[in-house]
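*Asks:* The following block contains the structure, expressed as structure tokens.
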Amino acid sequence: MDFACDFTAKVCAPSSINGLHGVPQIDQVEVKIGATNTYMDVRLTAVLRIFAAGLSICACGSGFARDEEEAWNTCSTPKTQFVLQIPGSLIHSTAPTATGCSFQTPDGEFNVEAVAQPDSGTEGETLESRMQKEIDLLSGTVKHKKKGDTWFILSGVTPDGTEYYRKLFIKDSQYVTLRVTYPQAQHKKYDQWVARIEKTFVPFAVPEEKSGD
């Protein structure tokens, strides 16, 4: 049902057709609400701002959805004892020292790799001594470190502005290391990747048993 309103008197009367049931014509209504045009403009502006804010939120939400929908791949070779999950947009690393599970963005900005070592290479080396060795190699750039019973984490920023994250795992005499690097200035762009890579990484994966014929 349509309503014809007298905003000066703040009353509205139902009307199915303009001009019927004693409702004034449109031009007459315009005369009556002329004094309230400023008030109506303010309210209209507020409504439009709310509508625009809603569109902005929807646009951001769709962006988050696209990030979450990105395909992820898995890397694991017969010679490795880990399972590494990486974004599908990454390519194999072009670095000369790259291993079988080394990846980067096409522009080389983001790098991730997992490396397995059959033994520590140093007789009597412990997790604590290996952690200290890594800290020394990083030349005082470590900003965060944490150690568990079978792993430790080191993260920081190098003098050239490269942020790094390293997590080393030990089992018996075997080591598996996860390494990630990217420009510190782009950390907001890559933080979600790092969090998911770390969360899904399996350092000592149990080999799948092949069923007999």
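Read-outs throughout are calculated quantities, based only on the coordinates presented, and are distinct from any laboratory measurement. The model shown is predicted, which means the values in this text are computed figures rather than measured ones. Glycine also receives a Cβ, built like all others from the backbone with ideal geometry; neighbour counts cover every protein chain displayed.
*Asks:* Using Cα pairs closer than 8 Å and at least 6 residues apart in sequence, work out the relative contact order for the stretch 124-205, in percent.
*Replies:* Across the stretch 124-205, relative contact order equals 18 percent.
*Asks:* Label points 7 Å out from Cα along the Cβ direction at Leu138 and Ser173: separation in nm?
*Replies:* Calculated label separation equals 2.7 nm.
*Asks:* Okay, next question. So if R0 is 41 Å, what FRET efficiency would Ala98 and Asp149 give, r being the distance between their Cβ atoms, rounded to the nearest 0.05?
*Replies:* So, using R0 = 41 Å, E works out to roughly 0.85.
*Asks:* Roughly speaking, what is the stretch gain from Lys199 to Trp72, that is 0.36 nm per residue apart minus the C-alpha to C-alpha distance, in nm to one decimal?
*Replies:* Separation in residues times 0.36 nm, less the Cα-Cα distance, equals 44.4 nm.
*Asks:* Would you give the gap between the C-alpha center of the stretch 82-147 and the C-alpha center of the stretch 152-166, rounded to a whole Å?
*Replies:* That distance is 11 Å.
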